[in-house]
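Down below is the structure, laid out as structure tokens.
The values are calculated or read from the model by the stated rules, or taken from the named source; none is laboratory data. Computed from a predicted model, the values in this text were never measured in an experiment. Using ideal geometry, Cβ is built from the backbone for each residue, glycine included, and neighbour counts are taken over all protein chains shown.
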Amino acid sequence: MIPLSQTIIQADWDAPNNIRTLITTRIGGYSLPPYKSFNLAMHVGDDPQTVEQNRKRLKELLPSEPVWLNQIHSRRIIDAADTVLQADADGSITAQKNIVSVVMTADCLPALICNRQGSAVAAVHAGWRGLLAGILEQGVEQLLTISTCQKEEVLVWLGPAIGPNHFEVGEDVRQAFLARARNKGRYHYELIDQCFSEHTKTSDGQNKCLADIYQLARVRLSAIGVDNVSGGHYCTYSEADKFYSYRRDRVTGRIASMIWIE
């Protein structure tokens, strides 16, 4: 079996040296199709013992067991050092060393957050519902609270998500984002509008759009003063050899994006 160290991704950003990240791919595990092969999710129908084998293999690269969450497409972010496993939340945050914050995805956007001081980290799961609800803003706000840093000292890395050529959403989704943008001024409204492009019409005449979830995240972060944003170069839908995609396959596994303070 290929060494796991050869299959993982590390965030390419200007983070302090004591900040560690690890993002898995679908390569390097024991799961059988349609979960082949490094599925880390217990809730998708894969054999639980096989998932445990995959998690055990992952643990060899980590300082502690990741704080696995039960993700519910919310804006709830919890303290990773003071929670039970599988808590209902879509992100975790910590200022303690060697506590691994983790989110799992298969098209949704994973965001890893830290500060320039290397004193606080967070991992956030941002599907379009969570993004609309403000989970990225919530993650930044909580990181500012526990670290007393300034917004210009916050760094964000956007991990593997569905790319802008494949993320089809309804017109209602576009309108929901625009409605949230109206009270932030014309410029912000126009930037949000530019994150969507008209794509097709359904048989009953409903518009479908292509959404750029990476750009939506950047615009929302910039609106609160966070501009040091990296990543956003993958497409889980089109890179089938490397990533799981719920939109592409429906029955599939999940990758994990992790961050901790060394």
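Being farther than 26 Å from Arg220 by Cα, modelled with pLDDT of 95 or more and either buried (at least 18 other Cβ atoms within 10 Å of the Cβ) or of a type outside the set (Phe, Trp, Tyr) (or both), is that true of even one residue in segment 9-19? For segment 9-19, residues farther than 26 Å from Arg220 by Cα, modelled with pLDDT of 95 or more and either buried (at least 18 other Cβ atoms within 10 Å of the Cβ) or of a type outside the set (Phe, Trp, Tyr) (or both): present. Quick check, is Leu40 assigned by TED's automatic domain parsing to the domain that holds Pro110, touching a strand residue (DSSP E or B) at 6+ places or on another chain (Cβ under 8 Å) and either farther than 23 Å from Ala126 by Cα or part of a helix (DSSP H, G or I) (or both)? No, not satisfied. For segment 77-107, filtered to residues that are in contact with a helix residue (DSSP H, G or I) (Cβ under 8 Å, 6 or more places away or on another chain) and either charged (D, E, K, R) or without any contact (Cβ under 8 Å) to a residue 60 or more places away in the chain (or both), the residue that is surrounded by the most Cβ atoms within 10 Å (Cβ to Cβ) is Gly91. The residues in segment 153-193 that are in contact (Cβ under 8 Å) with a residue 24 or more places away in the chain and over 16 Å from Glu137 (Cα atoms) can be counted, and the count is 17. Taken over segment 151-174, residues that are touching a strand residue (DSSP E or B) at 6+ places or on another chain (Cβ under 9 Å) and either under 11 Å from Arg116 (Cα atoms) or of a type in the set (A, V, I, L, M) (or both) amount to 9.
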